[in-house]
Amino acid sequence: MSVTLTTPHLTLREPTMDDAGNIAKYLNDFAVSGNLARVPFPYGRADAEAWLKTRRPGLTPAQTSFAIDIPAQGCVGVVGFHQGVNGTVLGYWLARPFWGQGLMTEAAGTAVDWFFERTDANRILSGLFHFNAASLAVQEKLGFAVIGRSRLVCLARGAELEHIDTELTRSVWKARKT
Amino acid sequence: MTKLREALPETLRTARLTLAPPRLTDLPELVPLADNENVTRWTTRMPYPYAHADGVDFVENIATGADQKPYALRNEDGAFIGVASLMFHAQLPEVGYWLGEPFWGRGYASEALGALVAAARATGLAPMLAAKALADNKASLRVLEKQGFQRVREVPDDSDRHKGKPTVHLELEFER
């Protein structure tokens, strides 16, 4: 399944091997990878290529990742879904030079719309490490609500950290669309 | 075979081993053991080098898909030692496994395979199981034959990794 979604400032598209350089450059930044659960640090081109190889055809919406592509820059982040123990989880990252412009909210909101339109899931789970106020702000703008706290391993930090668990229900998503 | 996958227990226990669904928390131990060509070269599909992203893909995509039911293996010390799976991509359910190199030669593969075979049999949904091993993989063939698998043919392999290499196909028929 190859889906391309276009918004005013960016395009969400299938990640390809050509993105390996950008992904390695931008994720090898502790300010980014230190906020993520499943990304090692340091992060090299081999890590990016290994991840891209896992983006094979035939993945379900709940396994789909999009490259966040902006004009003249190429891939500057990723937004996507993965299957967690309790359901589908939204995850994302944006390269540091592009923070503070609302791009992450635009990308994540577009991905969330796509997911609810494509599936009959009644909720999307997400979350953030306790210190990540910027990510919490993104999620609140999309209608995610805090549902609890847990402990989650942060691979880049090699430690288990306090994690704020969030969810967006289909009913909240729908209500905000109208 | 979806029914068989669903009928298999979440966890299995043997004298020394616990078999449980693979989790992200297994990856700090799993990835270094999997990133070893002495392990991957006997397998059809495990990537080499094996990166953290391959481990995440295994736990989140492969292990949750309809194609297989893998179990993470932990030994009597609680250490992650490998993976044993039932796979549903061919006509017969097929067993497969890999063990981290430090854990070879201690009978763990036989123990894990014994549990897997017993669990498949107990569902009553599989009259037979299949297995494959490279003809050179004497250790694996011994483990499979110990569990009652019998050689049915030796043919050149058709996988990308092993293309043309002699591969032994085995089957285990459950008695009624």
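In table form, for the structure just shown:
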| read-out | value |
| --- | --- |
| Under 5 Å, built H, 5+ apart or other chain: amide partners of A:Gly34 | none |
| Total charge dipole magnitude, the protein assembly as shown, about the Cα centre, Cβ charges on Lys, Arg, Asp, Glu only, Debye to nearest 20 | 380 |
| Estimated inter-spin distance, A:Arg176 and B:Arg151, nm [label 7 Å along Cα→Cβ] | 6.3 |
| Principal axis dimensions, largest first and in whole angstrom, of the protein assembly as shown by Cα | 64, 39, 38 |
| Candidate residues B:Lys69, B:Lys146, A:Lys174: accessible-area rank, largest first, probe 1.4 Å | B:Lys146, A:Lys174, B:Lys69 |
| Phi-based couplings in Hz for the range A:64-80 (Karplus 6.51, -1.76, 1.60; Gly and Pro marked x) | 8, 10, 10, 6, 8, 10, 10, x, 6, 10, x, 6, 10, x, 9, 9, x |
| Chain A: DSSP helices with Cα axial extent of at least 20 Å and average Kyte-Doolittle hydropathy no lower than -0.5 | A:103-118 |
| Inter-probe distance in nm under a simple model that places probes 7 Å from Cα toward Cβ, at B:Ala79 and A:Glu140 | 4.8 |
| Shielding of A:76-89 by partner chains, average beta-carbon count, 10 Å | 2 |
| Distance between the range A:139-171 and the range A:31-75 - C-alpha centres, whole angstrom | 19 |
| Heavy-atom accessible area order for A:Val153, A:Val3, A:Val112, largest first, 1.4 Å probe | A:Val153, A:Val3, A:Val112 |
| Relative contact order [Cα under 8 Å, 6+ residues apart], the range B:2-125, whole percent | 28 |
| Lys pairs under 29 Å by Cα in the protein assembly as shown, provided they are eight or more residues apart or on distinct chains | 24 |
| Carbon plus sulfur fraction of accessible area for the range A:5-177, probe 1.4 Å, in percent | 53 |
| The range A:59-178, Rg to Rh (Cα coordinates; Rh as Kirkwood inverse mean 1/r) | 0.95 |
| Efficiency of FRET between B:Arg142 and A:Arg56 - r from beta-carbon atoms, R0 30 angstrom, step 0.05 | 0.30 |
| Inter-chain shielding of A:147-160 (mean C-beta neighbours from other protein chains, 10 Å cut-off) | 1 |
| Occluded residues from the range B:41-68, i.e. those whose accessible area drops by 40 Å² or more once the chain is not alone (1.4 Å probe) | B:His52, B:Ala53, B:Asp57, B:Glu60, B:Asn61 |
| Probe 1.4 Å, protein heavy atoms only - accessible area per residue of the range A:5-177 in square angstrom | 46 |
| Relative contact order %, the range A:16-109, counting alpha carbon pairs below 8 Å whose residues are six or more apart | 24 |
| Average beta-carbon neighbours from other chains, 10 Å sphere, peptide A:40-49 | 2 |
| The range B:1-114 - accessible surface per residue (Å², probe 1.4 Å) | 44 |
| Pairwise label distance in nanometres, A:Asn86 with A:Thr16, each label 7 Å out on the Cα-Cβ vector | 3.9 |
| Mean ellipticity per residue at 222 nm, deg cm²/dmol - from DSSP H runs of n ≥ 4 across chain A, formula -39500 (n - 2.57) | -9000 deg cm²/dmol |
| Residues A:Ile147 and B:Ala7, FRET efficiency given R0 of 30 Å [Cβ-Cβ distance, rounded to 0.05] | 0.40 |
| Alpha-carbon Debye profile of chain B, log10 I(q)/I(0) at 0.08, 0.13, 0.20 Å⁻¹ | -0.22, -0.61, -1.62 |
| Radius 14 Å from Cβ of B:Gly148, net charge of other residues (Lys, Arg +1; Asp, Glu -1) | 0 |
| Charge dipole magnitude, Cβ of K and R +1, D and E -1 - chain A, Cα centre, debye nearest 20 | 200 |
| Protein-only accessible surface order, largest first, of A:Arg55, B:Arg121, B:Arg161 at 1.4 Å | B:Arg121, B:Arg161, A:Arg55 |
| Amide H within-cut-off set for A:Leu161, under 5 Å, with H built and near neighbours excluded | A:Leu152, A:Val153, A:Cys154 |
| Summed buried accessible surface, chains A and B, 1.4 Å probe, nearest 100 Å² | 1100 |
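The values are calculated or read from the model by the stated rules, or taken from the named source; none is laboratory data. Just so we're clear, the structure is a prediction, and the values are computed from it rather than from any experiment. Every residue, glycine as well, gets a Cβ built from its backbone with ideal geometry; the counts of neighbours run over all protein chains shown. What goes into the accessible areas is simple: the full protein's heavy atoms, side chains included, and nothing from ligands, DNA or RNA. Shrake-Rupley method; radii C 1.70, N 1.55, O 1.52, S 1.80 Å.
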